[in-house]
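One structure below.
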Amino acid sequence: MAYTAGDGALYWDQEYRNGRTRWHRKHVHEPLVRHYKKLIPDRTVRRVLVTMCGMTIDMNWLADQGLQVVGVDIALQALAQFMKDSGREWTEQSAPKLGTEAKCFTVRR
Ligand SMILES: C[S@@+](CC[C@H](N)C(=O)[O-])C[C@H]1O[C@@H](n2cnc3c(N)ncnc32)[C@H](O)[C@@H]1O
């Protein structure tokens, strides 16, 4: 992959490749579940953007709530791993304003 110097993508990608993902949780962030009804009070909210999403399984939980989830990250390794594990179909678009290698993934309902 052709990373540009200084965009941080190489660093993060290597962290994921080497399994240095101490921030990654195997369960949904509990405050998200606790405050969900305040954050998404009704069905007028249909889409949610998860920035710097990594491989967080919060995205699966949000999709389970019926939302269209858009995850954005610069570490392609994290996104590839997440999509492999999530058991859902995702569409992929480039996100050039975030960096040359940035991708935006949207869950298909
Ligand atoms: C500490 S991890 C947290 C990941 C996720 N939010 C979680 O809770 O598991 C930070 C994440 O931010 C991503 N990141 C760092 N800089 C970014 C940028 N400029 N644009 C998009 N994502 C970025 C990294 O690739 C990494 O996945």
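The values are calculated or read from the model by the stated rules, or taken from the named source; none is laboratory data. A quick note: this is a predicted structure, and the numbers were derived from the prediction, not measured. Methodologically, a virtual Cβ is constructed for each residue, glycine included, from the backbone with ideal geometry; neighbour enumeration extends over all protein chains shown. The protein model used for the area step is the full one, side chains on, heavy atoms only, and it has no ligands, DNA or RNA in it. Shrake-Rupley method; radii C 1.70, N 1.55, O 1.52, S 1.80 Å.
Please go through region 6-33 and pick out each residue that is over 14 Å from Ile74 (Cβ atoms) and open to solvent by less than 50 Å² (accessible area, probe 1.4 Å). Thr21, Val28, Leu32, listed by residue number.
Summed over region 33-53, residues that are assigned to a helix (DSSP H, G or I) and closer than 24 Å to Thr91 by Cα total 0. Candidates Thr56, Thr106, Thr100: the one that is outside any helix (DSSP H, G or I), open to solvent by less than 50 Å² (accessible area, probe 1.4 Å) and either away from the ligand (no atom under 16 Å from the Cβ) or touching a Ser or Thr at 6+ places or on another chain (Cβ under 7 Å) (or both) is Thr106. Residues of region 52-66 include at least one that is among the small types (Gly, Ala, Ser) and in contact with a His (Cβ under 8 Å, 6 or more places away or on another chain). Within region 66-75, the set of residues being over 18 Å from Lys26 (Cβ atoms) and either assigned to a strand (DSSP E or B) or near the ligand (Cβ under 9 Å from one of its atoms) (or both) comprises Gln68, Val69, Val70, Val72, Asp73, Ile74, Ala75. Pairing each residue of region 23-36 that is under 16 Å from Cys53 (Cβ atoms) with any residue that is assigned to a loop (DSSP other than H, G, I, E, B), provided the two are 6+ apart or on different chains, yields C-beta distances under 7 Å for His24/Gly54; His24/Met55; Val28/Ile57.
All of (1) more than 20 Å from Asp58 (Cβ to Cβ); (2) hydrophobic (A, V, I, L, M, F, W, C); (3) at pLDDT 95 or above hold for Ala2 with one exception: (3). A count restricted to region 34-53 and to residues that are open to solvent by 60 Å² or more (accessible area, probe 1.4 Å), touching an Asp or Glu at 6+ places or on another chain (Cβ under 9 Å) and either away from the ligand (no atom under 13 Å from the Cβ) or not polar (S, T, N, Q) (or both) stands at 1. Considering (1) more than 13 Å from the ligand (Cβ to nearest atom); (2) in a helix (DSSP H, G or I); (3) exposed (fewer than 15 other Cβ atoms within 10 Å of the Cβ), the lone condition that Ala63 does not fulfil carries the number (3).
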